[in-house]
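S.K.: First the structure, then my questions, so here it is.
The values are calculated or read from the model by the stated rules, or taken from the named source; none is laboratory data. For clarity, every value in this text was computed on a predicted model and none was experimentally measured. Glycine also receives a Cβ, built like all others from the backbone with ideal geometry; neighbour counts cover every protein chain displayed. Just so you know, the surface numbers come from the protein's heavy atoms only, side chains and all, with ligands and any DNA or RNA stripped out. Shrake-Rupley method; radii C 1.70, N 1.55, O 1.52, S 1.80 Å.
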Amino acid sequence: MALLMGIDTSCDDTSCAIVEDGRQILSNVVSSQITEHSEYGGVVPEIACRKHVENIVGVVRKAIADAKCELNDISAIAVTKGPGLVGALLVGIGVAKAIAYSQSLPLIPVNHLEGHILSPFLASGVNYEFPFVSLVVSGGHTSLYVVRELGRYEAVGRTVDDAAGEAFDKTAKALGLGYPGGPVVEKRAAKAARSIELPSPMIKHDSFDFSFSGLKTAALNYIRFELEIEPNANCGDAIDTDAVDSLCAGFQDAVIDVLLYKAFRLSEQRKIPIVALGGGVSANTTLRERFISRGKQDAVRVIFPSKPLSTDNAAMIAAAGFHRFVNKEFADSTLDAEPNLPL
Ligand code: KG4
Ligand code: ZN
């Protein structure tokens, strides 16, 4: 039995987890910085970095206490090396190095995206089955992979501009709905009597790449010209309308349409009957329902992480570090952050 400590400080959540043998979560502490960033409508890197420094020691202590173990019981430290905000990543890496050095433990660098890819199999009782199609859909990424085995990821498509979560965040910001945008847009969409039609970008395009900046612009134009609200201004009561609910529903539908289309087209083209999702946007209830229903129709198994494991967390980093632990893929004390680390 191996207990891995995972640490993730790639963006605006400070997280530490203890995971047994890559599958069983003993603790998973996530300290969110939403209140610090919400007034800016997005993550401010300098604030994120400072809050990680303030939070990290308490988060690590709580992860050990929640797991009812001691530092002596830990077999290795897995930490996010990238991609992410450089100043934020460095906080987690610095702490991971310090613990590894002081306890003489191996240090395992993990790609944050590998964490999201493997998250549907964490604590779910679902065993790995290869190959599978993976759709990572978060605030920083929207990417499609074919996963051949642990550690072998074929990148098939990615966003050429904004990530899907980023488009949710920017649209919510334009409406003055706060940060993060996904959950609030989802809530408003659920109240909508109708869904306005917005273009589903690149849906007919042959490639598996995504683009969300055109959709975001279409939403901004709708806000300005149809709703007659100045985007990003203080909208006051102007946003408490059915028309805004309908816009949120239309926006959400357009994002889901293109994600669904491309993920299932890849599954069909490669004859791979498993689609696994991860990343913050995969917490969206309507997205889940539509993927599950399409999966039933096409006899494709659809797998999601639990909602808390969809958004950033360190348990997925410990889980992704486990197979690297088994293969002894360790880093030394020169380990550095790589903000654009490719998978
Ligand atoms: O995976 P994550 O926590 O961080 C990144 O790695 O980026 O994803 C955060 C993103 C944000 O853009 C947020 O608006 C979006 O996930 N998100 C959602 C929902 N919950 C979070 N988007 C749509 N619907 C949701 N329920
Ligand atoms: Zn993430």
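S.K.: Which ³J(HN,Hα) values in Hz, rounded to whole numbers, follow from the phi angles of the range 20-37 under the Karplus curve 6.51 cos²θ - 1.76 cosθ + 1.60, where θ = phi - 60° and Gly and Pro get x?
M.R.: So the J values, rounded to whole Hz, are 8, 6, x, 10, 9, 7, 8, 7, 7, 9, 10, 9, 7, 10, 3, 4, 5, 9.
S.K.: Using alpha carbon coordinates only, what is the Rg to Rh ratio of the chain, with Rh defined as the Kirkwood radius?
M.R.: Details: Rg = 20.1 Å, Rh = 20.4 Å.
Rg/Rh: 0.98.
S.K.: Turning to a different aspect of this structure: For a quick check: with amide H placed at 1.01 Å from N, whose amide H comes under 5 Å from ALA2's, ignoring anything fewer than 5 positions away on the same chain?
M.R.: Here ASP21 satisfy the definition.
S.K.: Okay, moving on. Say we join alpha carbon atoms closer than 10 Å with springs in a Gaussian network model of the chain; which of THR35, THR285, THR14 then has the biggest fluctuation?
M.R.: Greatest mean-square fluctuation among the candidates belongs to THR35.
S.K.: Give the lysines reachable from LYS97 as a straight Cα distance under 28 Å; neighbours fewer than 8 places away on the same chain don't count.
M.R.: Reachable lysines: LYS51, LYS62, LYS68, LYS81, LYS328.
S.K.: Calculate, in nm to one decimal, what TYR101 and THR285 gain on full extension: separation in residues at 0.36 nm each, minus their alpha carbon distance.
M.R.: Answer, rounded to one decimal: 62.0 nm.
S.K.: At a threshold of 8 angstrom on Cα-Cα distance, excluding pairs fewer than six apart, so keeping six or more, what relative contact order does the chain reach in percent?
M.R.: It comes to 25 percent, rounded to a whole number.
S.K.: Based on DSSP H runs of at least 4 residues, each adding -39500 (n - 2.57), what is the mean residue ellipticity at 222 nm of the chain after dividing by all its residues, to the nearest 500 deg cm²/dmol?
M.R.: Working: 11 runs with 140 residues, N = 343.
My calculation for the chain gives -13000 deg cm²/dmol from helical runs alone.
S.K.: What's the center-to-center distance, using Cα atoms, between the range 63-102 and the range 228-293 in Å?
M.R.: Centre-to-centre distance over Cα atoms comes out at 34 Å.
S.K.: Alpha carbons only, please: Rg and Dmax for the range 1-96, in angstrom.
M.R.: 13.4, 45
S.K.: Which distance in Å, rounded to a whole number, links the C-alpha centroids of the range 153-169 and the range 1-15?
M.R.: Rounded to whole Å, the Cα centres lie 23 Å apart.
S.K.: Shape verdict for the range 224-343, please, from the Cα gyration tensor: rounded (a/c under 1.5), prolate (a/b greater than b/c) or oblate.
M.R.: oblate
S.K.: Mind checking the per residue accessible area of the range 125-304 for me, 1.4 Å probe, whole number of Å²?
M.R.: On a per-residue basis, the range 125-304 sits at 44 Å².
S.K.: Using a 1.4 Å probe over the heavy atoms of the protein chains, calculate the carbon and sulfur portion of the accessible area of the range 125-304 as a whole percent.
M.R.: On the way: 3830 of 7950 Å².
Roughly 48 percent, rounded to a whole number.
S.K.: While we're on this one: Over the range 54-120, what percent of the accessible surface lies on carbon and sulfur atoms, probe 1.4 Å?
M.R.: Carbon-and-sulfur percentage of accessible area, whole number: 56.
S.K.: In cubic angstrom, how much convex hull volume per residue do the alpha carbon atoms of the range 125-304 span? Don't skip to the end; give the middle numbers.
M.R.: Numbers: hull volume 20.5 nm³, N = 180.
In the range 125-304, the Cα hull volume divided by residue count equals 114 Å³.
S.K.: Please give the helix 164-174 orientation as an angle from the longest Cα principal axis of the chain, in degrees from 0 to 90, rounded to the nearest 10.
M.R.: Rounded to the nearest ten degrees, it is 60.
S.K.: Considering only protein heavy atoms and a 1.4 Å probe, what is the carbon-and-sulfur percentage of the accessible area of the range 6-52?
M.R.: 50
S.K.: ASN327 versus ASP298, label points 7 Å from Cα toward the beta carbon: distance in nm?
M.R.: If labels sit at ASN327 and ASP298, their model points lie 2.8 nm apart.
S.K.: Can I ask one more? Which angle between 0 and 90 degrees, to the nearest 10, do you get for helix 45-66 versus the longest principal axis of the chain when only C-alpha atoms count?
M.R.: 50
S.K.: With a ≥ b ≥ c taken as the square roots of the eigenvalues of the C-alpha gyration tensor of the range 35-158, please select rounded if a/c is under 1.5 and otherwise prolate if a/b is larger than b/c or oblate if it is not? Before the final figure, lay out each step's value.
M.R.: On the way: a/c = 1.95, a/b = 1.19, b/c = 1.63.
Note, shape of the range 35-158 comes out oblate.
S.K.: Rounded, prolate or oblate, given the Cα gyration tensor of the range 100-179, with a/c below 1.5 counting as rounded?
M.R.: Oblate shape, in that a/c is at least 1.5 and b/c is the bigger or equal ratio.
S.K.: What ³J(HN,Hα) values, in whole Hz, does the Karplus curve 6.51 cos²θ - 1.76 cosθ + 1.60 give for the range 128-136 when θ = phi - 60°, with x put for Gly and Pro?
M.R.: Residue by residue, the range 128-136 yields 4, 9, 10, x, 9, 8, 10, 10, 9 Hz.
S.K.: For a quick check: with amide H placed at 1.01 Å from N, whose amide H comes under 5 Å from PHE132's, ignoring anything fewer than 5 positions away on the same chain?
M.R.: Under 5 Å from the amide H of PHE132 lie the amide H atoms of VAL147, each far enough along the sequence or on another chain.
S.K.: What distance in nm separates the two pseudo spin-label positions at TYR128 and LYS271, each 7 Å out from Cα along the beta-carbon direction?
M.R.: 2.4
S.K.: Which of the trypsin sites (Lys or Arg not before Pro) across the range 52-98 are loop residues per DSSP, with 15 or fewer other Cβ within 10 Å?
M.R.: Here the sparse-neighbourhood loop sites are LYS68.
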